[in-house]
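Asks: The structure is given below, and queries will be raised subsequently.
The values are calculated or read from the model by the stated rules, or taken from the named source; none is laboratory data. Everything quoted here is computed from the prediction, not taken from an experiment. Here Cβ is always computed from backbone atoms with ideal geometry, including for glycine, and neighbour counts include all displayed protein chains.
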Amino acid sequence: MKKTALYDKHIALGAKMVPFAGYEMPVQYNNLGEEHLNVRSGVGVFDVSHMGEFFLSGPDALDLIQRVTTNDASKLTPGKVQYSCMPNETGGIVDDLLVYCLGEENYMLVVNASNMEKDWNWISKFNTKNVPMRDESDDYSLLAIQGPKATDAIKSLTEMDIASMPYYTVQVGKFAGQPDIIVATTGYTGSGGYEIYFKNDVADKIWDAVFKAGEHVGIKPAGLGARDTLRMEMGFCLYGNDIDDTTSPHEAGLGWITKYTKEFTNSAALKAQKEAGVSKKLVGFDGIDKGPIPRHGHEIQDNEGNVIGVITSGTMSPSLGRAVAMGYVSSDFSAVDSEVNIVIRNKSLKAKVCRFPFLKIG
């Protein structure tokens, strides 16, 4: 198992470490619910250094990104970030990712840890114009500093005007006394905040500076357990659970990042699917009967006992105090307020289809 550059920090804080995507990662430090709620009301810090960073540059970099991703990266200008996905050739998704425009002809792709090798090989397969590509995943660390007090926690560490950064933007500058630090606003929690990318050799310095600067607002570390419950409350997809090589962008509700103003991998087939309509859709489930919490793989049935879908993610929402879940159902049952039954250990729990997000913020 790999270790992030901040592994010793987590051990010193008594974190519970678990294997995740080939890394030893902190799942929680003390209490998952407290970590979750601290992000919602204050500020929490996640070590997500397991994520992958690919750098593409040169005059043909944009063309390559356009051919392998669904969103229209030609809309990006320096300082902008875009959520996108890479479709495969059989109707599914290779991975979802972030496309950063760091400058003219200079891009960073941030991919899921479990898919790094697969993604690199996939992009390389289409790199027919010899676009310069660098995989710097093992050289970079990444902190997600999330919550409504994130700006107050870290604004003293930089002269960059981070307080006025819109959602899905990026700046590069001096942070905590270190040069060339990438600061972005692409949060996965719904509570605002920043992502800080830096080289491993300054990881300890950045970590210490962030926690010292944020003491006055009660900054605390948070583990992957809270990261999962936070993203679940917002209805954000997790690759390997809610999207994978067998689910299409349109089935997953990602039509908004699938633009047919250009050609990309399998675009003709995906466009035909959009026009014909999908047979299954990813939806949220709320109003779930009290009982076991729905989890990935649990069956969904109609009132006659017919199987109509499967749960992809489920949790007890710390903010709402009740279970919520996501899953695919037959399109006939995808309308809001449709009643379904989630089968857990031979027990049937009634639930209703709802819109995302589960938690309304602001």
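Asks: Need at least 3 residues that are modelled with pLDDT of 95 or more, in contact with a strand residue (DSSP E or B) (Cβ under 7 Å, 6 or more places away or on another chain) and farther than 30 Å from TYR260 by Cα per element, so show me which strands (runs of 3 or more DSSP E) inside the range 274-349 make the cut, counting only ones lying wholly within it.
Replies: Filter on the range 274-349 gives 299-301, 307-317, 322-330, 339-344.
Asks: Suppose we filter ALA325, ALA252, ALA269 for residues that are of a type in the set (A, V, I, L, M) and more than 19 Å from the chain's Cα centre (by Cα); which single one remains?
Replies: Every option except ALA269 fails the conditions.
Asks: Further question on the same structure: Filter the range 130-160 down to residues that are part of a loop (DSSP other than H, G, I, E, B) and of a type in the set (Gly, Ala, Ser) and give me whichever is farthest from GLU35 (Cα to Cα).
Replies: So, considering only residues that are part of a loop (DSSP other than H, G, I, E, B) and of a type in the set (Gly, Ala, Ser), the one farthest from GLU35 (Cα to Cα) is SER137.
Asks: So, in the range 107-130, how many residues would count as being polar (S, T, N, Q) and surrounded by fewer than 16 Cβ atoms within 10 Å (Cβ to Cβ)?
Replies: Keep residues of the range 107-130 that are polar (S, T, N, Q), which gives 112, 114-115, 121, 124, 127-128, 130.
Filter once more, so that each one left must be surrounded by fewer than 16 Cβ atoms within 10 Å (Cβ to Cβ): 121, 124, 128, 130.
The qualifying residues number 4.
Asks: I've got another one for you. Applying the selection to the range 31-75, what residues are farther than 30 Å from ALA222 by Cβ and not in a helix (DSSP H, G or I)?
Replies: Within the range 31-75, LEU56, SER57, GLY58, PRO59, ASP60, THR70, ASP72 meet the criteria.
Asks: Still on this structure, please answer the following. Counting only residues that are among the hydrophobic types (A, V, I, L, M, F, W, C) and in contact with a helix residue (DSSP H, G or I) (Cβ under 9 Å, 6 or more places away or on another chain), which one in the range 109-126 is nearest to ASP245 (Cα to Cα)?
Replies: By that ranking, first place goes to TRP122.
Asks: Take the residues of the range 179-196 that are over 13 Å from ILE162 (Cβ atoms) and in a strand (DSSP E or B): which is farthest from the chain's Cα centre (by Cα)?
Replies: PRO179
Asks: Hey, another quick one. With (1) farther than 13 Å from GLY92 by Cβ; (2) more than 17 Å from the chain's Cα centre (by Cα); (3) not in a helix (DSSP H, G or I); (4) not acidic (Asp, Glu) as the list, and ASN241 as the residue in question, which single condition is left unmet?
Replies: With respect to (1) farther than 13 Å from GLY92 by Cβ; (2) more than 17 Å from the chain's Cα centre (by Cα); (3) not in a helix (DSSP H, G or I); (4) not acidic (Asp, Glu), ASN241 is out only on (2).
Asks: Read through the list (1) closer than 21 Å to LYS149 by Cβ; (2) in a loop (DSSP other than H, G, I, E, B); (3) among the aliphatic types (A, V, I, L, M), then give the number of the only condition that ALA5 fails.
Replies: (1)
Asks: Here's a check for you: in the range 251-264, which residue that is under 23 Å from GLY187 (Cα atoms) and in contact with a helix residue (DSSP H, G or I) (Cβ under 7 Å, 6 or more places away or on another chain) is surrounded by the most Cβ atoms within 10 Å (Cβ to Cβ)?
Replies: THR258
Asks: All but one of (1) touching a His at 6+ places or on another chain (Cβ under 8 Å); (2) modelled with pLDDT under 95 hold for MET1; state the number of the condition that does not hold.
Replies: (1)
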